[in-house]
Amino acid sequence: MKATKPAIIALFLSILWSYTLPLVAQKKPIFFARTIVEKPALIKGDSMLVSIVLYSDADLQQIRCNTLTLKLKNATVRRLNFNRNETLGLRNYKGQAFNSLIWAEYIISANEITTLVLPSFKFEGIARTYIPAQQGSPFLGWWIPQETKDIRIKTATEKVKIPVIYKPQKTTKELLQSKELTL
């Protein structure tokens, strides 16, 4: 009787565990892209950094972008070369942790006073999600492999408007402090 009591308790716990294990809903992964500008306005003759960043709560597998080059009217655009795989990491966005990947970075310099409009970057690809396997006991769960599911995903960045302004004039106080103006 003593040998069967622990076996019955273990069987009961394994059945209880299998029923209380939350069922994994086949949800679509969160995937979005943002255009991050260094400053809200660009001063004529100055330059700024613009980054295209992808966020996802799943593993990104194969991502493609329809915009290969960025061309702007009345502006000089230079793409920065870097290894995308080195930019993969975790970022916090609105209180939630996401896998992030910097897709592209550009240095933009304006030639005229105008409003620069960055186009929308459209992305599509595959995200891999991991589905925990149903297990009979919490102890056996360490050895049961997880299933993976590949899901097609699409997203696009919003168009971003960057106003180009004149360099602000210095005040008299700033001119006196810099000794460019003497009285």
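Take the conditions more than 30 Å from PRO29 (Cα to Cα) and either acidic (Asp, Glu) or touching a Ser or Thr at 6+ places or on another chain (Cβ under 7 Å) (or both) and apply them to SER120. Does it pass?
Values: more than 30 Å from PRO29 (Cα to Cα): no; either acidic (Asp, Glu) or touching a Ser or Thr at 6+ places or on another chain (Cβ under 7 Å) (or both): yes.
Against the criterion (more than 30 Å from PRO29 (Cα to Cα) and either acidic (Asp, Glu) or touching a Ser or Thr at 6+ places or on another chain (Cβ under 7 Å) (or both)), SER120 does not qualify.
Inside the stretch 49-79, can you point out the residues that are more than 14 Å from ILE36 (Cβ to Cβ), among the polar types (S, T, N, Q) and either at pLDDT 90 or above or not in a strand (DSSP E or B) (or both)?
Result: SER56, ASN66, THR67, THR69, ASN74, THR76.
Would you please name the residue that is modelled with the highest pLDDT, looking only at residues in the stretch 14-48 that are assigned to a helix (DSSP H, G or I) and of a type outside the set (S, T, N, Q)?
ILE15
Scan the stretch 80-100 for residues that are surrounded by 12 or more Cβ atoms within 10 Å (Cβ to Cβ) and part of a strand (DSSP E or B) and jot them down.
Correct list: ARG91, TYR93, PHE98, ASN99, SER100.
Counting only residues that are under 29 Å from THR115 (Cα atoms) and among the polar types (S, T, N, Q), which one in the stretch 58-99 is farthest from the chain's Cα centre (by Cα)?
Here the answer is ASN74.
The values are calculated or read from the model by the stated rules, or taken from the named source; none is laboratory data. Owing to the predicted nature of the structure, the values given are computational and were not obtained by experimental measurement. Note: ideal-geometry Cβ built from the backbone for every residue, glycine included; neighbour counts use all protein chains shown.
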